[in-house]
Amino acid sequence: MKKNNLPVRVGIVSLGCPKTLVDSEILLGKAQGAHFSIARDIEQSDVVLLNTCGFIKDAKQESIDALLKLIELKKKKKLLGIVVAGCLVQRYAEELKKEFSEVDALVGSGDYRAIAEVLKKVAAGQKLVSVHEAGYLAAADEARVALTPKHSRYLKISEGCDHECSFCVIPSLRGPYRSRRIADLVKEAKKLAEEGAKELVVIGQDITKFGWDYARKSLLPELLEALGAVREIRWIRLLYTYPSTLTDEMIQAVTRSKKICRYIDLPLQHISDKILKAMRRGSTKKQIGELIRKLRARIPEVVIRTSFIVGFPGETEEDFQELLSFIRDMKFERLGVFRYSREEGSAAATLPDQVPEKIKEDRYHRIMRLQQGIAREANRRFVGRELRVLLETQDSEDPFRWTGRSYMDAPEVDGAVLVRTEKSVATGKFYTVKITDVQDYDLVGKI
Ligand code: SF4
């Protein structure tokens with residue numbers, strides 16, 4: 001597609017979760033396949049793809065703010081076209097169309113295969129909406145333009161979700177649970193490895209359900225074994241496991257493998273049985289406690305990341321105290337907290353006893369204060385020990401300072417290892433680092 005005889009340059013703003021980031025990589029792959037050139041930043045773009053998140057208030061606001069910035073650029077004739085895609089569009093296509101006439105195209109989360117045609121029409125000055133049932137499922141032969149460092153790539157193994165958590169609208173944005181096939185995922189893993197991947201971060205709305213939709217049982221252990229056979233891949237990291245469907249076979253798959261990081265991301269959301277029931281999480285406090293103890297007993301040095309929601313309708317100070325003491329007892333190495341977001345279309349939105357924002361804020365900060373101490377203590381036990389670190393970025397001001405990650409750090413969400421070295425080292429390589437100190441959520445060490 002040409003403008004003044006030059007290929008139209010397509011840029012991207014990718015918001016939300018790693019699952020959306022993989023979609024963004026595929027959207028750029030399709031643009032490239034249709035002979036658009038890929039702009040590395042917005043200023044150099046003719047058309048910008050804004051891939052949005054739409055599942056909670058803060059994420060929606062972030063998407064709208066990003067859109068308003070693009071509209072400003074378009075008004076100043078610095079942009080030819082704006083294409084808005086993803087979950088916010090799947091949820092609010094009509095509202096977005098009415099409110100933002102400057103937007104040239106709206107593309108739902110089920111319409112990614114149409115993106116090349118959409119871009120051609122936008123570059124030709126047309127306006128259009130392409131929003132249908134959420135049903136898209138990626139495949140290995142769909143090119144991806146990397147938006148993460150090439151040594152660490154996300155592998156999205158499924159789409160959609162069948163759980164019915166009462167606070168969540170994702171099933172309505174992404175459709176029912178659909179798994180990809182093991183052979184296709186191994187093919188993609190090999191492609192990513194050829195492009196330089198050393199770490200594969202396995203993602204989905206719930207990876208423990210992988211395979212259920214066509215095999216009537218979880219095929220996650222089989223998939224992990226097959227991915228483990230891809231020679232160049234050194235680390236396999238599991239994100240988004242689900243407490244009630246995390247099985248002994250999956251735990252065994254982790255302990256049997258030399259490549260799967262001893263890192264379990266297990267969003268729990270709450271611990272009071274009353275709230276877990278109202279959230280429709282399908283687990284009880286007793287079951288969750290047993291699962292955490294089992295993980296710690298069977299996976300040596302396991303790091304557990306979890307996330308909780310504060311201020312869910314009906315949450316009393318007593319329920320919150322129960323959550324605080326659970327966090328104090330379980331000492332999660334990694335923990336995130338969300339303030340409950342009342343989402344229209346979710347079952348919980350119509351529940352009585354909605355909690356005031358001020359109380360949500362207060363409970364959010366009380367957990368974060370408690371967790372800061374727990375995280376520091378968890379890190380302190382590594383002082384004096386050696387860890388394998390994937391080196392990632394060199395400090396722009398101090399060439400001897402590098403930042404990397406250990407098995408305990410997922411990209412983007414966790415701490416890092418701050419490394420000082422005068423040796424010649426390189427990005428995307430593994431080094432043995434002697435941990436000498438702790439700095440808040442980060443470890444400090446030398447090669
Ligand atoms: S598991 Fe629950 S919270 Fe996660 S996407 Fe599915 S419905 Fe939403």
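One table, with the values for the structure above:
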| quantity | calculated |
| --- | --- |
| Proportion of all alpha-carbon pairs of the chain beyond 29 Å (%) | 51 |
| Nitroxide proxy distance, nm - points 7 Å out along Cα→Cβ at Asp58 and Ala349 | 2.0 |
| Most fluctuating residue given options Leu67, Leu79, Leu266, as computed from a GNM of the chain linking Cα atoms under 10 Å | Leu79 |
| FRET efficiency estimate (nearest 0.05) - Cβ-Cβ, Thr421 to Arg40, R0 22 angstrom | 0.15 |
| Where the stretch 43-157 is the region considered: accessible area per residue in Å², 1.4 Å probe | 43 |
| Loop trypsin sites (Lys or Arg not before Pro), the stretch 63-156 (other Cβ atoms within 10 Å of the site Cβ: 15 or fewer; DSSP) | Lys76, Lys77, Lys78, Lys127, Lys150 |
| 12 Å beta-carbon shell around Ser24, net charge (K/R +1, D/E -1) | +2 |
| Full-stretch length increase - Tyr214, Glu72 - with 0.36 nm per residue and alpha-carbon distance subtracted | 46.4 nm |
| Rounded accessible area of Asp248 (nearest 10 Å², 1.4 Å probe) | 60 |
| Extension reserve of the Arg388-Asp184 stretch, reckoned as 0.36 nm per residue once the Cα distance is removed | 70.4 nm |
| Listed residues Arg369, Arg281, Arg305, most fluctuating in the chain (Gaussian network, C-alpha, under 10 Å) | Arg369 |
| The stretch 22-59 versus the stretch 345-390: alpha-carbon centroid distance in Å | 31 |
| Spatial separation of Cα centroids for the stretch 144-172 and the stretch 67-113, in angstrom | 21 |
| Dipole of the stretch 152-380 [Lys/Arg +1, Asp/Glu -1 at C-beta], most positive-end residue of Ser283, Ala349, Thr247 | Thr247 |
| Under 12 Å, Cβ to Cβ, from Lys434 - net charge with Lys/Arg +1 and Asp/Glu -1 | +2 |
| Viscosity 0.890 mPa s, 25 °C: Kirkwood-radius Stokes-Einstein D of the stretch 9-130 over Cα pairs, µm²/s | 177 |
| Fraction of accessible area attributable to carbon and sulfur, the stretch 152-380 (%, probe 1.4 Å) | 53 |
| Accessible area per residue, Å², the stretch 160-306 with all protein chains present, probe 1.4 Å | 40 |
| Cβ-placed point charges (K, R +1; D, E -1), dipole of the chain about Cα centre in debye, nearest 20 | 1000 |
| Residue-span extension gain [Arg376 to Asp141] - 0.36 nm each, minus C-alpha spacing | 80.3 nm |
| J(HN,Hα) series, the stretch 148-161, from Karplus relation 6.51 cos²θ - 1.76 cosθ + 1.60, nearest Hz, glycine and proline x | 10, x, 5, 7, 9, 10, 7, 10, 8, 9, 7, 9, x, 7 |
| Shape category assigned to the stretch 386-446 from the gyration tensor of Cα positions, a/c cut at 1.5 | rounded |
| For the stretch 249-318 versus the stretch 409-443, the gap between their alpha-carbon centres in whole angstrom | 27 |
| Kirkwood estimate for the stretch 186-256, i.e. one over the average of 1/r between Cα atoms, Å | 12.6 |
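The values are calculated or read from the model by the stated rules, or taken from the named source; none is laboratory data. Since the structure is predicted, the reported quantities are computational estimates derived from the model, not experimental observations. A quick note on method: Cβ atoms are made from the backbone with ideal geometry, for glycine too, and the neighbour counts reach across all protein chains shown. Note: areas computed on protein heavy atoms with side chains; ligands, DNA, RNA excluded. Shrake-Rupley method; radii C 1.70, N 1.55, O 1.52, S 1.80 Å.
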